[in-house]
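Single-structure report; data block below.
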Amino acid sequence: MEVIKINAPLGRDFETVSSICDSLKILNTVSSIEWARDPSRFRLYVLLGADKQPLIQLYVMIWKLMPYFTLVDFRSLQPSNLLRRSDLNHLFESVFSDMHSDNRFTFYYATRERTYQSKFLQTEMHLAPVKGLKIFERYDMLLEGIVTPGQETRFASHSWLANPFKIESPYWIKRCTLKSDLALEWFMKNQN
C-alpha cells in the first residue's frame, strides 16, 4: 500500500489537482472556489492498492489560527468488501504522522449518529472506540456537538462539518487530541 499526498502548498493550483484527481479516477470534492480562496488549507491523501489503483481518498483541511486539522471528506473508491481495516489504518497513520510533523495534534471530524455509538455513550459515558482502527486509540475523543437536520448550529464550524440543511440524520462532531503522554514523547524526540 502506498499513500500519496497532493499538497497545495507545493504550488499546485486547482486545475492541476483536478487533473491529478481525474488521472487517478477519484472525486475532487473540494470546490474550485474553496481551493482558490486559500489552497494552502487543503491536502488530499489517496491510498493506492498494490495494483496502484486508488482505494480511498481523504481531504484534510488545515486550520490557520490554531494548530488543528479537520478530516473533511473520506471516501472509499472501491467496493467496501475490498477494503481491510489495516488499509484504513495505514492511511490514517500517514495522515496523522504528516500532521504531527507540522505540530498539529488535534483534529475534528463528523460522523452520522449510529445506534451502537449512542448506546455505548449512554452506558460507558465516553465515545465508543473506532472499530478496527488502532491508530485512533492514541487519541482522547470528545463529542463536541450534535448537528440535527434542519436546525441552526451554535457554532459555524459545526455547520461546516455537517450542513444541517443538507443532512437527513443527526451528525456527531468529534474532537480528537493526541494523548498527553504520546504528545510529550513526540516533543521530546523532535526537539530542535
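The values are calculated or read from the model by the stated rules, or taken from the named source; none is laboratory data. What you see is a predicted model; the values in this text were computed from it and never measured. Here the Cβ is made from the backbone with ideal geometry for all residues, glycine too, and neighbour counts use every protein chain on show.
The residues of region 24-67 that are charged (D, E, K, R), at pLDDT 75 or above and surrounded by 15 or more Cβ atoms within 10 Å (Cβ to Cβ), listed by number, are Arg41, Arg43. Annotation: of all residues in region 154-192 being surrounded by 12 or more Cβ atoms within 10 Å (Cβ to Cβ) and hydroxyl-bearing (Ser, Thr, Tyr), the one that is nearest to Phe107 (Cα to Cα) is Thr177. For region 122-139, filtered to residues that are closer than 16 Å to Phe92 by Cβ, in contact with a strand residue (DSSP E or B) (Cβ under 9 Å, 6 or more places away or on another chain) and not hydroxyl-bearing (Ser, Thr, Tyr), the residue that is surrounded by the most Cβ atoms within 10 Å (Cβ to Cβ) is Val130.
Counting only residues that are closer than 30 Å to Leu182 by Cα and in contact with a helix residue (DSSP H, G or I) (Cβ under 9 Å, 6 or more places away or on another chain), region 129-165 holds 15 of them.
For the residues Leu143, Leu178, Leu133, Leu161, the requirement of being farther than 27 Å from Leu55 by Cα, among the aliphatic types (A, V, I, L, M) and not assigned by TED's automatic domain parsing to the domain that holds Leu47 singles out Leu143. Filtering region 139-192 to residues that are within 20 Å of Leu121 (Cβ to Cβ) and part of a helix (DSSP H, G or I) leaves His158, Leu161. Restricting the search to region 152-174, which residues are closer than 16 Å to Glu113 by Cβ and either among the hydrophobic types (A, V, I, L, M, F, W, C) or touching a Leu at 6+ places or on another chain (Cβ under 8 Å) (or both)? Residues satisfying the conditions are Leu161, Ala162, Ile167, Tyr171, Trp172, Ile173, Lys174.
Can you tell me which residues in region 147-166 are under 19 Å from Phe74 (Cα atoms) and either touching an Asp or Glu at 6+ places or on another chain (Cβ under 6 Å) or at pLDDT 90 or above (or both)? Answer for region 147-166, where residues must be under 19 Å from Phe74 (Cα atoms) and either touching an Asp or Glu at 6+ places or on another chain (Cβ under 6 Å) or at pLDDT 90 or above (or both): just Val147.
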